[in-house]
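Below is one structure, written out as structure tokens; the observations come after it.
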Amino acid sequence: MSAPFEVSKALSRVQPSATIAATQKARELKAKGIDVISLGAGEPDFDTPDHIKEAAIEAIRRGETKYTAVDGIPELKEAICAKFKRDNSLVYKPSQVNVSPGGKPVIYNAFAATLNPGDEVIVPAPYWVSYPDMALLCGGKPVFAEATAKDGYKLRPEALEAAITPRTKWLVLNSPSNPTGAAYSADDLKALAEVLERHPHVWILTDDMYEHLVYDGFKFATIAEVAPSLYNRTLTMNGVSKSYAMTGWRIGYAAGPEALIKAMAKVMTQTTSNPCSISQWASVAGLNGQHDFLKPRNEAFVRRRDLVLRHIAASDGLDAPVPEGAFYVFASCAGLIGKTSGKGKALKTDGDVCDALLEEAHVAVVPGTAFGSGPAFRISYATSDEALEKAGTRIAEFCASAR
């Protein structure tokens, strides 16, 4: 008789992605013929720009279909160095650049290369669902530092100071943020840098995946740019998924100290080997090519954001700040907690609210507690105006029926 299957202790410490779970629930209901509007996935509904697709097709025709260097082709590393200099006034050499099959592997590789059991990773909450679980999977301990709605969901220097201990290895910063859309100004980052300069054992991982998706004249900044003193212990991460609508192409990248980049590549030699060769050539075209598609797409995102905010403001029990970037609204549903939905479901938690919204209003959103902050839920407005209008009406009707 065979032994029963058991997962590893490392895997038992983590949870499946809540955003993927919400999207899957919506898919299952749609498969049954139910008109579900899914606002769970963090994925632009726009298509990859044509010049990027053409570069991929040309790469296939040239036969660029073999293994590449483990952490990226030289042409892409050069394009990434040019991007950092052009957009962020940061100077890196190709030997300081890592290319991975997506942004998530960049973070995982950095943690796997550096964390020992008990090392702490400071994660401001609300947070992207994967940060703490990747730290746990790599043997680390996530330490949550609350970023409150009162502070615009941005980490305050005093909260960072309180979270740092002798075991702190990393601080993770995400701007603009998933799930809140909050973005750190240069002054915000300088204030955090003053704290970090007093604690030279703390490394910084800054997730800038939504860099080009900022609105209302907001000027993007990243911490190694505004605080050069932190350059030698900062991993500046980015990717092509969100800005270039290339989620399925799976290319993330980062730049930082050579020793860290070399260690991350060592992890890759025994895990993913190299990122997809065709996707790398497409990313070269994306980074080096024209970016005029961003302006009309950002204008569409602003219109959609404001549409969602109007519906939230008109919904009893909901409230949300104005996001500076990304394509999410993080709505407090505290006003619904303790009520009963129109069809009789007790709304004790934000999970209950999201379940009832899906079952009764057929709108899929993700509970705020999955992001470390509730009662709330995240709406992704990376979908059509028509779908958002319909979803907003359904949400308002759902809230009005709660008693």
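All but one of (1) farther than 17 Å from L39 by Cβ; (2) over 25 Å from the mean Cα position of the chain (by Cα); (3) at pLDDT 95 or above; (4) open to solvent by 10 Å² or more (accessible area, probe 1.4 Å) hold for L347, so report the exception by its number.
The one condition L347 does not meet is (4).
Identify all residues within region 196-219 that are surrounded by fewer than 20 Cβ atoms within 10 Å (Cβ to Cβ) and either within 25 Å of A135 (Cα to Cα) or at pLDDT below 95 (or both); write none if there are none.
E197, R198, H199, P200, H201
Across region 322-368, what is the number of residues that are of a type outside the set (A, V, I, L, M, F, W, C), in contact with a strand residue (DSSP E or B) (Cβ under 9 Å, 6 or more places away or on another chain) and in contact (Cβ under 8 Å) with a residue 12 or more places away in the chain?
Residues flagged as of a type outside the set (A, V, I, L, M, F, W, C), in contact with a strand residue (DSSP E or B) (Cβ under 9 Å, 6 or more places away or on another chain) and in contact (Cβ under 8 Å) with a residue 12 or more places away in the chain within region 322-368 amount to 14.
Can you report the number of residues in region 327-349 which are outside any helix (DSSP H, G or I) and more than 25 Å from S175 (Cβ to Cβ)?
13
When the residues of region 209-260 are narrowed to those that are charged (D, E, K, R) and under 18 Å from the mean Cα position of the chain (by Cα), which ends up farthest from P94 (Cα to Cα)?
K242
Checking the conditions here, which among T222, T236, T272 is open to solvent by 50 Å² or more (accessible area, probe 1.4 Å), closer than 30 Å to P49 by Cα, in contact (Cβ under 8 Å) with a residue 12 or more places away in the chain and touching a strand residue (DSSP E or B) at 6+ places or on another chain (Cβ under 8 Å)?
Answer to the selection: T272.
Would you mind stating whether S175 is out of contact with any strand residue (DSSP E or B) (no Cβ under 7 Å at 6 or more places or on another chain) and over 27 Å from A113 (Cα atoms)?
no
Cβ contacts < 8 Å: first residue more than 16 Å from Y108 (Cβ to Cβ), restricted to region 1-18; second residue open to solvent by less than 70 Å² (accessible area, probe 1.4 Å) and at pLDDT 85 or above, any location; separation 6+ or different chain. Result?
A18/V129; A18/V366; A18/P367; A18/A370; A18/F371
Restricting attention to region 369-388, which residues are touching a residue at least 40 places away in the same chain (Cβ under 8 Å), open to solvent by 10 Å² or more (accessible area, probe 1.4 Å) and out of contact with any Gly (no Cβ under 9 Å at 6 or more places or on another chain)?
Those that are touching a residue at least 40 places away in the same chain (Cβ under 8 Å), open to solvent by 10 Å² or more (accessible area, probe 1.4 Å) and out of contact with any Gly (no Cβ under 9 Å at 6 or more places or on another chain): G372, S373, T383, S384, D385, A387.
Counting residues that are at pLDDT 95 or above and touching a strand residue (DSSP E or B) at 6+ places or on another chain (Cβ under 7 Å), which helices (runs of 4 or more DSSP H) fully inside region 38-154 reach at least 2?
Output list reads 74-88, 103-114, 130-137.
I'm trying to understand the selection: among the residues of region 35-67, which are open to solvent by 30 Å² or more (accessible area, probe 1.4 Å) and more than 26 Å from the chain's Cα centre (by Cα)?
Matches in region 35-67: D35, E54, I57, E58, I60, R61, R62, G63, E64, T65, K66, Y67.
For region 275-289, what are the residues that are open to solvent by less than 60 Å² (accessible area, probe 1.4 Å) and of a type outside the set (V, I, T)?
P275, S277, S279, Q280, W281, A282, S283, A285, G286, L287, G289
Which residue, of A159, A193, is assigned to a helix (DSSP H, G or I), open to solvent by less than 10 Å² (accessible area, probe 1.4 Å) and at pLDDT 95 or above?
A193
The values are calculated or read from the model by the stated rules, or taken from the named source; none is laboratory data. The structure presented is a predicted model; accordingly, all values stated were derived computationally and were not measured. Neighbour counts run over all protein chains shown; Cβ positions are idealised from the backbone, glycine included. Note: areas computed on protein heavy atoms with side chains; ligands, DNA, RNA excluded. Shrake-Rupley method; radii C 1.70, N 1.55, O 1.52, S 1.80 Å.
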